[in-house]
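**Student:** Got a structure for you, questions after.
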Amino acid sequence: MMDNQPRVQKNNYHLICAASATPPGQSGLAVLRMSGPGSTKAADEIFLAYGSQARLVSQMQGYTCAFGKISDPQTGQMIDQAVVTVFKAPHSYTGEDVVEISCHGGTAVKQAILDCLFRLGVSAAEPGEFTRRAFLNGKIDLVQAEAVMDLIQAGAKKSSLAAASQLQGALSGKMRQISQALYDIQAEIELVLEFPEHDEEEDPASGLEGRLSAVRETVERLSATFRQGRMLREGLTVVIAGRPNAGKSSLLNALAGYDRSIVTPVPGTTRDTVEEIIDMSGLPVRLVDTAGMRDTEDFVEQQGVDRARAALNQADLVFWLISPPLENLENEKKMIYEAGLEKPVLIIGKEDLEDSRTLYQTVSREFSEYKLMTFSALRPEGLDPIRQAISEHYEQSGSRYGDDLIITNSRHHALLLEAADVLREAERALNQHVPLDMVASLLRSGAEACASITGDQVSDKLVQTIFSRFCVGK
């Protein structure tokens, strides 16, 4: 009997993927997503719309929804009441037929609905599979696909705005402009190579050098934004350092807005790095409190000092606290110089103490080349200049060319560096009158590096690697 044949063979439901698009755990609502040819037919098996004329999901128009009940097709038992929304190919996120089920967010409910679909032959979605299908079906390019995950993971406003810009296609458009400019130059060279008698200029490279230089400078401008872009994606790392009991933990707590680190009058309380990520005026900032820097015979404390030094090596910005009483300024200088810090911001802590005023004057004389600030845990209004110093460091880390686009992805940055290197070599080749076929080969390599950013030219293995990092359901 045909009715006894496995549904997966009859309906090809194995071409469909399904997963929860909302996080695990309990919630008021959850969204389950299906994508693939036959998604609406699979939904027919478990969903019945309420109303005088019950509608099948497969009969619904795209961008419409229906309220009804979800039932187990084997037992007929109702599982939940839900809203089903239909998106028809190619006008959907993935470019395929997509069905989204908005159900109650209980763990058992979600799993029961998914189990019904899996028994029908629907496949469990792999990490990033919905976005991967969108990429493979030409709905988005690779930059936009990566921006989807950046947008999901963005913890601050500026991070989300940068991701949204890339999702909208700003970077993709710029990279295609660069690639097209390189292909145009390459085409002119190929024309000269193919029909040398048609070239009216004595030097066929004449005029190409300026155009190639302009493209290379554009690539370098984009690459130069990565330092700032990395801060947006990973957070600007601010390390708070200094000798024991200088007020480092108090500063972290004040910036974080709550007691994240233990504060006591006993020196050496902090034995490990303590981190907190905060949103500072839309900028993600990773604060790192460190163990007090000093020579010690205590094995555990020494481990903390070693980790403090390691944190300093990874810092984007260092706040070095100096607080009264300070017995030996030369030792303080030695610690700062031995740490290899380029230009830490010096902060005179415990500003509320009388001795801090004298200390401020002394430090300002001895460290005249450093920015000097003050802080007191008893005066929170004093945090504004410190916050301003963080914001200024971020702004000053941007590209000196002032591009609006910001590179936030290390893969994009590496490919831009590769393209810039190749284009510099092509410029040198033109200047040295190297045979044009070699120049054309270099231009082709530069264009391929740019095309790899958008995914216009990319290996299947790279695609698989990128989407494996996505969460399930996206």
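**Student:** Anything in the stretch 119-147 that is acidic (Asp, Glu), under 15 Å from GLY473 (Cα atoms) and assigned to a loop (DSSP other than H, G, I, E, B)? List them, or say none.
**Tutor:** The answer is GLU126, and nothing else.
**Student:** Right, next: In the stretch 59-67, is there at least one residue being open to solvent by less than 10 Å² (accessible area, probe 1.4 Å) and either out of contact with any helix residue (DSSP H, G or I) (no Cβ under 6 Å at 6 or more places or on another chain) or assigned to a loop (DSSP other than H, G, I, E, B) (or both)?
**Tutor:** Yes, the stretch 59-67 contains at least one residue that is open to solvent by less than 10 Å² (accessible area, probe 1.4 Å) and either out of contact with any helix residue (DSSP H, G or I) (no Cβ under 6 Å at 6 or more places or on another chain) or assigned to a loop (DSSP other than H, G, I, E, B) (or both).
**Student:** Determine which single condition ARG379 fails, assuming it passes every other condition in (1) loosely packed, with under 14 Cβ neighbours inside 10 Å; (2) touching a residue at least 40 places away in the same chain (Cβ under 8 Å); (3) over 24 Å from the mean Cα position of the chain (by Cα).
**Tutor:** (2)
**Student:** I'd like the full set of residues that are surrounded by 16 or more Cβ atoms within 10 Å (Cβ to Cβ) and under 27 Å from the mean Cα position of the chain (by Cα), limited to the stretch 100-126.
**Tutor:** Hits for the stretch 100-126 are GLU100, ALA125.
**Student:** Does GLY51 count as at positive phi, touching a Phe, Trp or Tyr at 6+ places or on another chain (Cβ under 9 Å) and in a loop (DSSP other than H, G, I, E, B)?
**Tutor:** yes
**Student:** So, ALA311, is that one out of contact with any His (no Cβ under 6 Å at 6 or more places or on another chain), among the hydrophobic types (A, V, I, L, M, F, W, C) and assigned to a helix (DSSP H, G or I) or not?
**Tutor:** Values: out of contact with any His (no Cβ under 6 Å at 6 or more places or on another chain): yes; among the hydrophobic types (A, V, I, L, M, F, W, C): yes; assigned to a helix (DSSP H, G or I): yes.
Considered against the rule, which asks whether it is out of contact with any His (no Cβ under 6 Å at 6 or more places or on another chain), among the hydrophobic types (A, V, I, L, M, F, W, C) and assigned to a helix (DSSP H, G or I), ALA311 comes out as yes.
**Student:** Among the listed residues VAL463, VAL422, VAL434, VAL439, identify the single one that is more than 21 Å from LEU212 (Cα to Cα), touching a helix residue (DSSP H, G or I) at 6+ places or on another chain (Cβ under 9 Å), surrounded by 14 or more Cβ atoms within 10 Å (Cβ to Cβ) and of a type in the set (A, V, I, L, M, F, W, C).
**Tutor:** Only one candidate qualifies: VAL463.
**Student:** Here's something else I'd like to know. Filter the stretch 11-58 down to the residues that are under 22 Å from PHE130 (Cα atoms) and of a type in the set (Ser, Thr, Tyr), then identify the one that is surrounded by the fewest Cβ atoms within 10 Å (Cβ to Cβ).
**Tutor:** Out of the qualifying residues, it is SER58.
**Student:** Sort out which residues of the stretch 277-307 are assigned to a loop (DSSP other than H, G, I, E, B), within 24 Å of PRO244 (Cβ to Cβ) and not acidic (Asp, Glu), and write them in order of number. Show your work before the answer.
**Tutor:** Initially, the stretch 277-307 is screened for residues assigned to a loop (DSSP other than H, G, I, E, B), giving 281-282, 290-298.
From what is left, the residues that are within 24 Å of PRO244 (Cβ to Cβ) are 290-298.
Result: THR290, ALA291, GLY292, MET293, ARG294, THR296.
**Student:** Among all residue pairs at least 6 apart or on different chains, which show Cβ distances below 9 Å where the first residue, located in the stretch 404-417, is open to solvent by 30 Å² or more (accessible area, probe 1.4 Å) and at pLDDT 95 or above and the second is in a loop (DSSP other than H, G, I, E, B) and of a type in the set (A, V, I, L, M)?
**Tutor:** Correct list of pairs: HIS413/ILE407.
The values are calculated or read from the model by the stated rules, or taken from the named source; none is laboratory data. Since the model is a prediction, treat every value here as computed from it, not as a measurement. Every residue, glycine as well, gets a Cβ built from its backbone with ideal geometry; the counts of neighbours run over all protein chains shown. Just the protein is used for accessible areas: all its heavy atoms, side chains included, with ligands, DNA and RNA removed. Shrake-Rupley method; radii C 1.70, N 1.55, O 1.52, S 1.80 Å.
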